[in-house]
Structures are given as C-alpha cells and as structure tokens.
1. Considering each of T256, T248, T185 in turn, give the residue that is surrounded by fewer than 22 Cβ atoms within 10 Å (Cβ to Cβ) and within 16 Å of the ligand (Cβ to nearest atom).
2. If only one of D97, D31, D8 is in the same structural domain as A150 (by TED's automatic domain parsing) and either of a type in the set (D, E) or in a strand (DSSP E or B) (or both), which one is it?
3. Please go through the range 336-362 and give me each residue that is modelled with pLDDT under 90 and under 18 Å from Q287 (Cβ atoms), ordered by number.
4. Search the range 230-245 for residues being assigned to a loop (DSSP other than H, G, I, E, B) and either over 30 Å from G127 (Cβ atoms) or more than 18 Å from the chain's Cα centre (by Cα) (or both), and hand back the single one that is nearest to the ligand (Cβ to nearest atom).
5. Taking the range 399-409, which residues are touching a helix residue (DSSP H, G or I) at 6+ places or on another chain (Cβ under 8 Å) and not small (G, A, S)?
6. Mind checking whether some residue in the range 463-472 is touching a residue at least 24 places away in the same chain (Cβ under 8 Å), under 30 Å from T172 (Cα atoms), of a type in the set (G, A, S) and out of contact with any strand residue (DSSP E or B) (no Cβ under 7 Å at 6 or more places or on another chain)?
7. Kindly indicate whether G111 is within 15 Å of the ligand (Cβ to nearest atom), over 29 Å from D265 (Cβ atoms) and modelled with pLDDT of 95 or more.
8. Any idea which of E416, E412, E480 is of a type outside the set (K, R) and not assigned by TED's automatic domain parsing to the domain that holds I294?
Amino acid sequence: MATPSLIDKLRQLTQGRVLMKPEEVQPYTRDMSIYQMMPQAVVMPERGEEALRLLEFATAEGLSVTPRGGGSGTAGAALGEGLVVVLPDAGDWAQLDGFVADGTGARLDVGASIRHSKVQALLREQGFFLPADVSSAGISCIGGNIATRASGPHALRYGAIDRFLERVQFITAAGETVDSGDLSTVPERLVFGLADLCARLRADRPALKQLKARAGLKSASGYDLAALAEGLPLERLLPRLLAGSVGTLGLVTGATLRAEPLERDRVAVLLAFEHLADAGRAVMALQPLNASAIEIVSRETVRTLRQGTELPATMGADAHLLLVELSGEEGQGQIARISDLLAAAGCRPIQPPSVADGEEEIKTLWGVRSRILWMIRNPSPGYRALAVVNDVGVPPAQLAGFINDVQQIFDEHAVEALIYGHAGDGNLHLRPLFDVTAPGLNDRIRRLADEVYGAVFRYGGTATAEHGMGPLRAPYLRQEWGDSLYGYMKELKELFDPQGILNPGALFTEGPLTDRMQPF
Ligand SMILES: Cc1cc2nc3c(=O)[nH]c(=O)nc-3n(C[C@H](O)[C@H](O)[C@H](O)COP(=O)(O)OP(=O)(O)OC[C@H]3O[C@@H](n4cnc5c(N)ncnc54)[C@H](O)[C@@H]3O)c2cc1C
C-alpha cells in the first residue's frame, strides 16, 4: 500500500487519476490469470509528458512499473506490486486516425489504449481487418496486444500482430520518448547497444542454429531474438522487439498498424473425429488447402459448451471437431479436395464434412469459438478450468504426437482437460479441470505444468504461442530457450531497463508458477 507521501508525489506528476484505496485498487489486482497482486498505486497519466515524468520518477525511486491494458492477459503479466500504469481510453492515448488504403492493404495510427474491437470496427467499415484478430477483442487494448505479440485464428495465414506493426512509439524506463519511425528519438545507448548485441548474436553459430530450429514456430515467448539475428534496420527492429516484451522494455503509447482486405467468399467446414490425435493428424493432411484458419475443439469441450448453449447444427456431432475456414476465389472449390486429402493420409472422419457457407452461419460458428473460454471456466461445481498450461504451441507436424503424450500426462494425473485452439499452427489451449477445494492444489499444478511443458519442449514447442509471457510462464523461459539465448534476452532487458523497474517477474523469474497464485 502506498504511503501518503508517495501518493502526494504521484498526484504532483499527473492530472490523471491516482488510485490507492483498497476498494479502488481491487479491480487492478487481477487479470484473467490465476494470480492476484496488490499494487502500491494505480496511476492513469493523461498525457505523454505525465507518463514520461512518471517513469523518470519510478526509476529514481526504484519503484516497479507494470503497464496495463484491458487486463485480459492469462499469464498475470498485467499485475504488479509497485505502480500499475493504465493509459486512459481518451485523449493522447486513444487516437484512431491516419487511415490510408491502397490497392493491397491499409494502415492506420492507433493509440495504445484503444480497444481491439474499435479498431476492427473502423477497419471493417472500410473493407479491411487486422489479421491478429484476438478472441478478446472487446476487452483487450492495442498496447496490450502489441506487448503480448497477440494473434488469432487467422495467424495461420497471416501471422501475429508484429507482422502488422509498422511503427511503434514507447517510453523507456529512463523517461525517453522513442518513435521507431523517427530515428533521431532513439537514445544512443540503444543504437549502439543493439548494434553490439546484434553483431555478437550474428557471430554466435550455436545460437543462430537454435534460432533457426524455432523458425516457423508460432510463439509469443521471450524477446524476438530472430529479429535481432536478421540484422534488421532499427526502424524495423524496434517494433519487433517491443512486440511480445510484456511491458518489460517500455510503455507502448501508440503504433501504426497495417490492415488486410477482408476475407471474401468464406466457407467453414466442420470435420468430426473419434480421436483427438486423428484431428491433429488431419491438420497436416489439410495443409495443401491453404486454409485461412484451422481450429480444433475436443469432444469434452463441445459437450461442456452444449451444456450452456445451443450449438449450430454443423457442430452437432459428439466428436472431436476441426473447423476449417477456406476463403477467396478458390475456397468453394477446395471443399471437394478435403475428403481426398484426408483419405490419402489415412485420416478418417466419422461422418462426411458439414459445410457452412452463409456469412451468418459462419459468424455464428466464430461467435461460439471466441466465447469458448468464458463458457468453460466453471464446467461443474468445485471444478475450475484453470489457466496453467493454457497456450502451448508445437510445430504442426508434431501435433498428433504431442496430443497423445499430453493426454497421457493428463490421464496419469487423473485430470480431465478441455482442449481447443488454433490447431493449424500447432497452438493448443489446454484447460485441465482442477478440484480447487481439494488439498495440495499448488503442488498438483506445479507437477502437472512441469510435465506438460517438458513434453512441449521435447517436441520443439513453446510455452506460449499467442497469449504472451508473465509469471505463469516465466519460470519456464530458460528451459524453453536454453542458457545462451536466455542470456541474450537478459542483456536486451538490461540495455533497455538497466534498473529492472519495468514489469519485473513478467519474463525473468526464479520462483515457481504457483507464487502469488489465488485462483478465483
Ligand atoms: C476470453 C479471452 C480470449 C482471448 N483470446 C486471445 C486470442 O485470440 N489471441 C491472443 O493472442 N490472446 C488472447 N487472449 C489473451 C489476451 O487477451 C491477450 O494477451 C491480449 O493481447 C492482452 O491485451 P490486454 O490489453 O488485455 O493486456 P493486459 O492483460 O492488460 O496486459 C498484458 C501484457 O501487456 C502489457 N501491456 C499492456 N499495455 C501495455 C502498454 N501500453 N505498453 C507496454 N506494455 C503493455 C502488460 O504489462 C502485460 O505484460 C484472450 C484472453 C481472454 C480472456
């Protein structure tokens, strides 16, 4: 809890709100993770100047600063015990302008506090969309999306938000405003430090080999060392480094995003399988389709959804489902190939494909898909679908093998798990159901997470494919990347934030994932 003198000082720094009473701070003690942390104060600077002074002050006082967007993160990264900084959805931080479209795409300037859904609504009116189309669009902010390297079902075709981030503005821990589009704003410390780090990484063959092995893996884990190894010019490197940095390198204040034309002539095909691993194998078999999305929903998840809502007829089978979205001129023509591709790979769905080709029907299917997380949270009394290993990713070619292994792990732990996710790019949301009233919850969670992540890394995978880092996954960062690449990440952090005030514990931590756990 902040002292009265700290509150006074904070109030002198900003005209915005400074919250410190327990009932005011309460909503900011949680995000969508299993954690709870009590900040000393929540500060809402109204202008760039104020945010800058706030960071200078925090550095001088050695106070930690945790940026917070919509608080929809599932890894606890928006929680802190020092100052939590929320950019209000107004003024400097909420700009949404500079829309320009050309023959191939569009771009627009956005403030960090803008809701994702607002950006999509504006783009949709103009016939475009941001392909990093998160299912948390109504609650997450662009700053948070950038900081977590977010993506959505269409990452399969388009990739994550970093692919669409042309320019980023941020404030460093030392209180410098940096605009990647104006290199005169980049402090010399960063210019030279990044050049040095880049040169050393490019000369480090074993490290490059490790990075190469991860190429193509959808991952929101750690800093983007591949961008550093590519030797990108600073104006392209900085957006890539800030993306996925979970508030540990700077406070993102604005960005220029690129958008793509809306998908046309969409068709959704539902495939039903007896075994989940068969659905996993089908993903590889269907690669020649160039689908815009391939989603997986396990039978147990479908049953849980059915308890709470009426599902579209296309989701009628009591089976593990794959939702394959095809689009563009070739979309309809591809449907006929599906059965042949599956047969050639020896994958046998239990019934012929069901096709949804009306826009309304497709929207309904995606509506169900984007609500899954809300609908499965409390599947039965006492049980909680806790976010503990909820965003793993493996190379798609390894998906079926990984599914077999992870199901075995769940069986050995006598845990039922709901499984769904973006199977096309190997990203699974695993939601083991825990009896939160039974003793030894921390221990059970730790043992299960250790084994699941062990399997993920054996398959060359990642602890987080899209939701981003945070105290939940930070304990596994070194294991995922190895000592050497982990060391480069620590150096990068020290370069940007020598005193380590920005979101400590979100990326580097020694403690187990159950520290500060408080499931609700
Ligand atoms: C129902 C549901 C569905 C979801 N679906 C998806 C999905 O489809 N795809 C996906 O990728 N994720 C998904 N998520 C996870 C989450 O929504 C994303 O990680 C999202 O990008 C977080 O944005 P936020 O604004 O809520 O950030 P927060 O949760 O507030 O913060 C997340 C991280 O970003 C940092 N941060 C926030 N703002 C800034 C800033 N201005 N500058 C620097 N750092 C900042 C925080 O410090 C923290 O480290 C889902 C979550 C839920 C609850």
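The values are calculated or read from the model by the stated rules, or taken from the named source; none is laboratory data. Keep in mind the model is a prediction, meaning the values are calculated, not measured. FYI the Cβ positions are ideal-geometry reconstructions off the backbone, even for glycines, and counts take in every protein chain you see.
1. Answer to the check: T256.
2. None of the others qualify; the one that does is D97.
3. A336
4. Among those that are assigned to a loop (DSSP other than H, G, I, E, B) and either over 30 Å from G127 (Cβ atoms) or more than 18 Å from the chain's Cα centre (by Cα) (or both), it is S245.
5. L399, F402, I403, N404, D405, V406, Q407, I409
6. yes
7. When the stated conditions are applied, G111 passes them.
8. Among E416, E412, E480, only E480 is of a type outside the set (K, R) and not assigned by TED's automatic domain parsing to the domain that holds I294.
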